[in-house]
Every structure is written in C-alpha cells, then in structure tokens.
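Scroll down for the structure; my scribbles are underneath it.
Values in this text are rule-based calculations from the coordinates and carry no lab data. Being a predicted model, the structure only gives us computed values, none of them experimental. Cβ placement follows ideal geometry from the backbone for every residue including glycine, while neighbour counts extend to all protein chains displayed.
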Amino acid sequence: MDNKSKMSLGIFLLLTFLFIEFNVENNTVELQRFDQYFLSLLGGSVTNTNIELFKIVSLFGSPLVSIGATMIIWLWLIAHKDFFKAFWIISIQLSGSTVVEIIKQIVARLRPFH
C-alpha cells in the first residue's frame, strides 16, 4: 500500500471516528437505531457459553494483558540489547494507552444493555 492510499485510509477512518463520536456525544436517533439493529441481530446468540467466550476475548484485549505482553517483549528486547526497539515499543504502548484512556473518558458512553 503506497503512502497516498495509507493517507486516504487514515483520513477516512478519522472522519468515520469523528462521525461516530458526534453521534455518541449527541445521543442521536440514528445511533439508537444502530444499537437496536445490532442488538436484535445478536439477541438470540446470548448464551452462557458465548458470555464466557467474550469474557475471555475481552480479557486478552484488556489494558492489563496488553501492558503485560508489552513488558515481556520489552524485557526480551532489553535482554537481546536492542535498546532502540525496546524504547520504541514502550513509547508506543504508553502513548497509545494514554490516547485511548483520554478518548474513553471524553466519550464515556454507556453500554446499550447489560
């Protein structure tokens, strides 16, 4: 993928994010319809097995596991004396986690259902 394609994709994704953020902040009817549509699609698939499966999936996406995995990779890079990559991976993890947490606090959207 060339740089122009990457830039176009990045702009598209940013505009999509801003559109969704606008709808969340203003609690628009379209967002409520969107939620209801997907809830109706998923409503029949809510089982104890699926709930347990998604708990495991969300655990692997949690900040604790993500930071823990990053620390393991960081230690491995330090042990192999690749200090530049070690610094780079910690910088990316910390800056990315910070941005995600700031956006989560700004948006603070309630879950559509329990």
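A few points about this structure:
- Each of Ala69, Ser58, Thr16 was scored by the projection of its Cα onto the charge dipole of the chain, and the greatest displacement toward the positive side belongs to Ala69; charges sit on the C-beta of Lys, Arg, Asp and Glu.
- Here the spin labels are modelled as points 7 Å beyond Cα on the Cα-Cβ line, and at Ile103 and Val57 they lie 1.9 nm apart.
- Helical runs (DSSP H, four residues minimum) scored at -39500 (n - 2.57) apiece and divided by the length of the chain put the mean residue ellipticity at 222 nm at -28000 deg cm²/dmol.
- Using the Cβ-Cβ distance between Leu94 and Ser40 with R0 set to 41 Å, the FRET efficiency from 1/(1 + (r/R0)^6) comes to roughly 0.55.
- Put a dot 7 Å past the Cα of Lys6, heading toward its Cβ, do the same for Arg33, and the two dots end up 3.8 nm apart.
- Applying the Karplus relation 6.51 cos²θ - 1.76 cosθ + 1.60 with θ = phi - 60° to the stretch 51-67 yields 3J(HN,Hα) values of 4, 5, 4, 6, 5, 5, 4, 5, 4, 5, x, 6, x, 4, 5, 4, 5 Hz, where x marks Gly and Pro.
- The calculated Kirkwood hydrodynamic radius for the chain is 17.7 Å, given to one decimal from all distinct C-alpha pairs.
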